[in-house]
Amino acid sequence: MRRILLALLCALSCSTMLHATNPTGIAVVAKNGQVFVRWNNIIDTDIHYNVYRYTSPITTSNLGLATNLGWVPDSSAINRRYGSLLGTQKLLVTGTSLDPLAASHGLFVATSVGAGPYYYAVTTTKNGITDGVITTGCATTTSLTEAVLPPQPVLQETITQSGQTIKVYVHFGTRVSAGTYPVLTNVGSLPFTFGVNETGTGPHPVTVHLHPGGGSFLSAPKPEVANETRILLDDWLPNGEGSGWFGYNEHYDIYTHSNTVPTMDTNFAYTSERIWWTVDWVLATYTNLDTQRIYFTGDSRGAGGCIFNVMDFPWRVAAIDIQKGKYDLSFVNDPNIDIWNLGGSERLGADTMFGTVPSNLPVNIVNPNTGQYYGTFDRANVGYMAHVNRLNSLPLVFAINGKYDSLVGWAEKINVYDSLNANCHGGVYFWDNRTHGTTGKAWTTAEITPDLYRYRRDLSYPAFSNCSINNDPGNGVSANGDPIGTINGYLDWVDTSIVDQALKWEIDLAMNTALDGITVNGGGASLTINLPASCTVDITPRRLQKFLTAVTDSACVRWELWQGAVRQQTGRTVYHLGSLLTIPGVTVYKTGCTLKIRLVQCQPPGAPDPDLD
């Protein structure tokens with residue numbers, strides 16, 4: 001009996017303690033398709049605050065019927081990421097009557113899924129024990145009418161960073177999707193900070209910057225041109241990790257490093273969704289933008305983020321400029337480094353976030369060729385995605401990597417280069433003996449930095465493959481192949497010469513004479529470039545606007561190559577719907593030439609080919 005009484009007293013004592021841990025002062029405001037819930041934190045730490053929504057006033061008896069929207073940690077009114085970058089405390093701005101917030105407040109932002117009326121409540125969890133007793137001040141007593149509207153980022157402040165004026169925004173991601181607002185996290189509410197920087201008077205090209213690992217949205221380089229709108233994105237999780245500009249498993253705990261390797265769950269492209277949502281918001285909100293000139297740039301982890309994400313929507317971007325990126329997260333056979341091989345340090349980190357390479361867990365992105373979810377490590381393989389996108393035109397890709405890069409590896413690049421070439425995607429790829437830093441580099445910024453802004457989403461281009469003067473990247477062993485080189489870097493064309501009409505396509509081709517006669521040195525190697533008088537290359541017209549877009553199957557095609565007034569080559573082929581048109585073995589002259597391609601009346605074999613107009 002005495003033990004029973006002690007147990008009852010303990011239960012009453014624990015219950016009283018738990019009841020006292022509820023927050024007070026709950027207030028809610030609906031704005032732009034989201035509900036902002038504020039409360040007064042309790043005087044304790046290591047608390048989880050749980051937020052519930054229900055169609056009736058929430059009480060202890062009906063709490064189990066309410067929708068648990070998720071939780072936030074203590075001090076959730078503080079923008080921890082942004083404040084840590086500036087070295088000072090920064091409180092979140094909601095843009096509602098709940099402002100200004102205090103450090104003693106809690107904040108949860110819920111995405112509206114219906115018109116209501118809805119009621120809200122906040123409870124606490126400590127040491128795994130949740131207080132399920134609703135007390136005065138932790139639940140709303142009047143209903144809130146909501147609406148499903150596009151959520152909007154909230155301007156936090158405007159700052160000057162490295163001489164650039166940056167508007168700093170936060171938008172609140174949730175694990176709920178409503179309307180056009182995607183699921184952006186697997187926790188209840190998470191603020192994402194990003195910046196927008198405008199220079200010049202417009203119309204502005206739009207450049208999306210993805211920072212390297214360890215960087216931030218404030219570490220983006222200065223604008224490359226005087227007239228540009230820059231979207232400065234951030235990849236950070238509360239446990240200090242990044243998502244690789246991709247996402248993480250649905251059960252990955254973003255607040256701890258003690259995650260286990262998932263074996264049978266789905267990975268979600270939370271960050272990829274956030275990237276495209278933010279780009280869309282800027283395009284819809286800011287004025288005087290040139291929406292045909294959209295670019296991605298990134299270094300290291302940001303470079304991989306660029307190329308992986310544009311593979312999902314290649315038609316949305318004109319060109320990308322990336323350095324030292326990783327292109328194949330599935331690659332586990334690098335003979336030069338072992339950190340990405342099975343059991344390596346980087347591989348183990350990726351395992352806890354995405355699962356192992358052999359498990360290849362599904363990711364919530366549909367492969368258009370199969371109608372099924374991609375395997376995570378198929379989608380995270382540029383070579384695989386180049387094949388998936390064989391009939392799609394990629395953005396112009398300009399990239400450089402190092403053969404002695406001990407962080408992202410070199411051997412994986414060979415298969416990727418081969419796939420891009422085999423699938424006729426073109427692009428320009430440089431390499432030298434650099435490490436992940438600047439040690440051993442030979443190519444300089446001036447030689448490898450493209451004029452991105454000449455490329456447009458509404459302008460076709462020639463994709464080069466099998467160029468006869470490409471250098472040899474080797475077999476993946478760092479010392480094998482040419483230590484310094486390029487694929488397609490010795491070729492160029494004249495944008496203003498492109499004719500893209502229903503029945504004809506033509507372009508002026510040339511070699512990249514800016515590289516002719518120069519010598520590049522670095523990493524114990526040297527390359528002197530002396531361009532020949534001509535070379536051969538296969539050419540696939542890409543990003544066509546009118547040519548071949550309205551033809552029937554088995555259309556007859558004639559092509560000619562002219563050097564001045566002299567026709568140097570001619571050929572015929574048949575274009576079939578659902579295929580690529582590739583002109584093989586085109587001779588490109590250093591002094592310039594013109595490729596003409598026409599849809600023509602089909603001729604019997606052996607019939608003469610009159611000059612094209």
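Residue-wise test of (1) among the hydroxyl-bearing types (Ser, Thr, Tyr); (2) buried (at least 24 other Cβ atoms within 10 Å of the Cβ); (3) closer than 20 Å to GLY215 by Cα; (4) in contact with a Phe, Trp or Tyr (Cβ under 9 Å, 6 or more places away or on another chain).
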position: ASP253; (1), (2), (3), (4): no, no, no, no
position: PRO262; (1), (2), (3), (4): no, no, no, yes
position: ALA269; (1), (2), (3), (4): no, yes, no, yes
position: TRP277; (1), (2), (3), (4): no, no, no, yes
position: ASP312; (1), (2), (3), (4): no, no, no, yes
position: ARG316; (1), (2), (3), (4): no, no, no, yes
position: SER330; (1), (2), (3), (4): yes, no, no, yes
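Before we move on, is SER419 among the small types (Gly, Ala, Ser) and touching a residue at least 40 places away in the same chain (Cβ under 8 Å)? No; evaluated as a whole, the condition is false for this residue. Among the residues making up the stretch 70-95, a single one is within 18 Å of ALA27 (Cα to Cα) and in contact with a Lys or Arg (Cβ under 6 Å, 6 or more places away or on another chain): GLY70. Filtering the stretch 76-98 for residues that are at pLDDT below 95, open to solvent by 10 Å² or more (accessible area, probe 1.4 Å) and not in a helix (DSSP H, G or I) leaves an empty set.
Could you list, in sequence order, all residues of the stretch 362-376 that are open to solvent by less than 10 Å² (accessible area, probe 1.4 Å) and not in a strand (DSSP E or B)? Correct list: ASN367, THR376.
The residues of the stretch 169-217 that are of a type in the set (Gly, Ala, Ser) and either within 22 Å of ASN364 (Cα to Cα) or surrounded by fewer than 19 Cβ atoms within 10 Å (Cβ to Cβ) (or both), listed by number, are GLY173, SER177, ALA178, GLY179, GLY188, SER189, GLY200, GLY202, GLY213, GLY214. Among the residues of the stretch 478-488, those that are of a type in the set (S, T, N, Q), more than 18 Å from ARG454 (Cα to Cα) and open to solvent by less than 30 Å² (accessible area, probe 1.4 Å) comprise SER478, THR486. Test LEU491 against the stated conditions and say whether it is among the aliphatic types (A, V, I, L, M), buried (at least 18 other Cβ atoms within 10 Å of the Cβ) and at pLDDT 95 or above. Yes. Restricting the stretch 21-48 to residues that are in contact with an Asp or Glu (Cβ under 7 Å, 6 or more places away or on another chain) and in a strand (DSSP E or B), the residue that is farthest from GLY173 (Cα to Cα) is ALA30.
Annotation: of all residues in the stretch 218-228 being surrounded by fewer than 24 Cβ atoms within 10 Å (Cβ to Cβ) and of a type outside the set (D, E, K, R), the one that is nearest to THR285 (Cα to Cα) is ASN227. Between ASP321, ASP299, the distinction of being out of contact with any helix residue (DSSP H, G or I) (no Cβ under 8 Å at 6 or more places or on another chain) and crowded, with 19+ Cβ neighbours inside 10 Å belongs to ASP299 only. Considering only the stretch 402-420, I want to know if a residue exists there that is at pLDDT 95 or above, open to solvent by 10 Å² or more (accessible area, probe 1.4 Å) and on the phi > 0 side of the Ramachandran plot. No; the residues of the stretch 402-420 include none that is at pLDDT 95 or above, open to solvent by 10 Å² or more (accessible area, probe 1.4 Å) and on the phi > 0 side of the Ramachandran plot. Check whether at least one residue in the stretch 121-129 is open to solvent by less than 40 Å² (accessible area, probe 1.4 Å) and without any contact (Cβ under 8 Å) to a residue 24 or more places away in the chain, and report yes or no. No, every residue in the stretch 121-129 fails to be open to solvent by less than 40 Å² (accessible area, probe 1.4 Å) and without any contact (Cβ under 8 Å) to a residue 24 or more places away in the chain. Within the stretch 136-143, does at least one residue satisfy the condition of being more than 16 Å from ASN40 (Cβ to Cβ), more than 28 Å from the chain's Cα centre (by Cα), touching a residue at least 24 places away in the same chain (Cβ under 8 Å) and open to solvent by 30 Å² or more (accessible area, probe 1.4 Å)? Within the stretch 136-143 (the criterion being more than 16 Å from ASN40 (Cβ to Cβ), more than 28 Å from the chain's Cα centre (by Cα), touching a residue at least 24 places away in the same chain (Cβ under 8 Å) and open to solvent by 30 Å² or more (accessible area, probe 1.4 Å)), the answer is yes, since at least one residue qualifies.
Tell me yes or no: at least one residue of the stretch 377-390 is assigned to a strand (DSSP E or B) and farther than 28 Å from TRP443 by Cα. Checking the stretch 377-390: not a single residue is assigned to a strand (DSSP E or B) and farther than 28 Å from TRP443 by Cα.
The values are calculated or read from the model by the stated rules, or taken from the named source; none is laboratory data. Here the structure is a predicted model, which is why all the values come from computation and not from measurement. FYI the Cβ positions are ideal-geometry reconstructions off the backbone, even for glycines, and counts take in every protein chain you see. These area figures cover heavy atoms from the full protein model, side chains too; ligands, DNA and RNA do not enter into them. Shrake-Rupley method; radii C 1.70, N 1.55, O 1.52, S 1.80 Å.
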